[in-house]
Amino acid sequence: MLQESSIRTDYPSLRGTRKLLIDGEWIEAATGATYPSINPATGVTIAYVAMGGEEDINRAVAAARRAFETGPWSTSTPYERQNLLLKFADLVDANFEELATLATIDMGAPISRQMGFRKRAIGLLRYYAAMAVSLHGETVPNSHGGDIFSYTLREPIGVVGAITPWNGPIPSTIWKLGPVLATGCTLVLKPAEEAPLVPLRLGELALEAGIPKGVFNIVTGSGTVAGARLVEHPEVDKIAFTGSHLTGQRIMQAAAPTMKRLTMELGGKSPNIVFADANLSKAIPGAAQAIFNNSGQICSAGSRLFVERSIYDQVVEGVAEFGRSLKMGNGLDSSTQIGPLVSTKQLERVCGFVESGVREGARLVSGGARVQEGELANGNFVAPTVFADLTSEMAIGQEEIFGPVLTVFPFDTIDEVVTLANSTVFGLGAGVWSSRLDTVHTMARRIKSGVIWANSYQLADPGVPFGGYKMSGFGRESGRQHVEEYTNVKSVWIAPSD
């Protein structure tokens, strides 16, 4: 039986139809249309959500523009913005169990994983609060000498349009909202259709914290309508997007006519490399968690495992056995370790890749099938899957699957594994497992990736930037670089009047 007795599921945020947040008011979509939000563990509709469209985006952008140009937010001081962020952080902290529950019900990840975001979420908001009073220009010596003086100012970029993914609604929303509030920008957020409930609840908490109307607007709806209008809107100054590289390419094309600034955190096919001198008692479970955590629905998941040949068979079987040991189930069960995929569409995609791997001749070591037994029958569950003995041309070894599917390759030398690790169009994350510090430094220098984890995987901190190379995007989230990307730099020259 599911162990849900200690987890509340009767929150008001799960009742009725969830509306749009525009100019500080909760309103219906202009068309009155709604769509269902479905629990991927049970197939049951948990809420109805407003289906925003182009007119709603237009209203939200107009509200954000007014707040940025003429409202009280336009004259807010760094201290005032810091204070609001700290109040917001306290409210998020006080309501975090509800946020975690909403995320679990909406997109399926185990409640233990969602609750694990608490420190990160609150830490991010308090980091942005610190950055609100830390951003500044600088005096710059110039070549003219004499009494000619030059300096720079950092100013908020303006109205930001953000599009967030469904795989981590709590941190993804905060990653988009935090730098907006710190710098004095305003935001129109288009959450993923599959996981809108957390962003909407965060909107309620933002209003409770005292964030002025029009500063934070939320328009739920489809990417092809609401998202597309947000990207092309001439009054939006910047787009911050997290999602697939294919959608990212379309966004870049749509944003080109208005020369919008862009932050693109896109997909990955991240290499995770285990050397023979690694501590295997740590590396094997670490490699397994790097792909099976969140059912593989993480952009930087360690989906390609490279193992030095002398320990190849041992690691392959160890990772497969770890996957077999994971308890699969409804995320509200506190003992669940791996939940469902977010939707039937994602289920079909992952199963299609598994079938192609078998068809192309990869060796299926474990998993490889949808789980439809007992109380899992109506959910989107796929068993943790391990493929071995691949060739680099196989689709499952090159394309982002976004599911609990691991591909394992042997290697013999550092030069060989560096070539293999860099042999995709992506470059988001990478892992290196070795007891030799010189090996770690060599790999960190030679792998083309925005983040390198050594003897660990998926570590994160508010002050450490995250982002990709190549098709994994550009721009950074977390760290000073993240907040600075929401500002313009203005140069000022002052010469004597005489």
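The values are calculated or read from the model by the stated rules, or taken from the named source; none is laboratory data. Being a predicted model, the structure only gives us computed values, none of them experimental. Counting neighbours? That spans all protein chains shown, and the Cβs are built from the backbone with ideal geometry, glycine included. For accessibility, only protein heavy atoms count, side chains too; no ligands or nucleic acids. Shrake-Rupley method; radii C 1.70, N 1.55, O 1.52, S 1.80 Å.
Tell me, please, whether a residue that is in contact with a Pro (Cβ under 8 Å, 6 or more places away or on another chain), part of a strand (DSSP E or B) and under 22 Å from THR17 (Cα atoms) can be found in the range 197-205.
no
If you scan the range 424-452, which residues turn out to be of a type in the set (Val, Ile, Thr), touching a residue at least 40 places away in the same chain (Cβ under 8 Å) and open to solvent by 30 Å² or more (accessible area, probe 1.4 Å)?
VAL425 - this is the single residue of the range 424-452 that is of a type in the set (Val, Ile, Thr), touching a residue at least 40 places away in the same chain (Cβ under 8 Å) and open to solvent by 30 Å² or more (accessible area, probe 1.4 Å).
Please note which helices (runs of 4 or more DSSP H) are completely contained in the range 64-125 and include at least 3 residues that are under 26 Å from GLN297 (Cα atoms).
96-107, 111-115
Can you confirm whether THR424 is outside any helix (DSSP H, G or I) and either within 24 Å of the chain's Cα centre (by Cα) or more than 22 Å from SER244 (Cα to Cα) (or both)?
Details: outside any helix (DSSP H, G or I): yes; either within 24 Å of the chain's Cα centre (by Cα) or more than 22 Å from SER244 (Cα to Cα) (or both): yes.
The answer is yes for THR424.
Out of (1) open to solvent by less than 60 Å² (accessible area, probe 1.4 Å); (2) within 21 Å of GLY178 (Cβ to Cβ); (3) not hydrophobic (A, V, I, L, M, F, W, C), what's the single condition that is false for ASP90?
Failing condition for ASP90: (1).
Under the condition of being crowded, with 18+ Cβ neighbours inside 10 Å and among the β-branched types (Val, Ile, Thr), which residue from the range 453-493 is nearest to the chain's Cα centre (by Cα)?
Among those residues, the one meeting the criterion is VAL483.
Condition test on GLY248, is it of a type outside the set (A, V, I, L, M), under 24 Å from SER478 (Cα atoms) and crowded, with 18+ Cβ neighbours inside 10 Å?
Answer is yes for this residue.
Does the range 55-114 hold any residues that are under 20 Å from the mean Cα position of the chain (by Cα) and among the aromatic types (Phe, Trp, Tyr), and which are they?
The one that is under 20 Å from the mean Cα position of the chain (by Cα) and among the aromatic types (Phe, Trp, Tyr): PHE96.
Yes/no matrix, rows are residues, columns are (1) farther than 20 Å from GLY161 by Cβ; (2) without any contact (Cβ under 8 Å) to a residue 60 or more places away in the chain; (3) open to solvent by 40 Å² or more (accessible area, probe 1.4 Å):
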| residue | (1), (2), (3) |
| --- | --- |
| ARG15 | yes, yes, yes |
| ILE22 | no, no, no |
| GLU25 | no, no, yes |
| GLY32 | yes, yes, yes |
| SER37 | yes, no, no |
| PRO40 | yes, no, no |
| ILE57 | no, no, no |
| ALA64 | no, no, no |
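Among the residues of the range 234-288 satisfying the criterion of being part of a loop (DSSP other than H, G, I, E, B) and touching a helix residue (DSSP H, G or I) at 6+ places or on another chain (Cβ under 7 Å), which is nearest to SER172 (Cα to Cα)?
The selected residue is LEU266.
Filter the range 368-406 down to the residues that are in contact (Cβ under 8 Å) with a residue 40 or more places away in the chain, within 17 Å of SER325 (Cα to Cα) and either open to solvent by 40 Å² or more (accessible area, probe 1.4 Å) or in a strand (DSSP E or B) (or both) and list them by number. Quick ask: steps written out before the conclusion?
Residues of the range 368-406 in contact (Cβ under 8 Å) with a residue 40 or more places away in the chain: 371, 375-376, 378-386, 388, 395-406.
Applying the additional criterion that residues be within 17 Å of SER325 (Cα to Cα) yields 371, 376, 381-386, 404-406.
Within the range 368-406, VAL382, THR385, VAL386, VAL405, LEU406 meet the criteria.
Looking only at residues in the range 327-364 that are part of a loop (DSSP other than H, G, I, E, B) and open to solvent by 30 Å² or more (accessible area, probe 1.4 Å), which one is nearest to ASN293 (Cα to Cα)?
The qualifying residue nearest to ASN293 (Cα to Cα) is GLN337.
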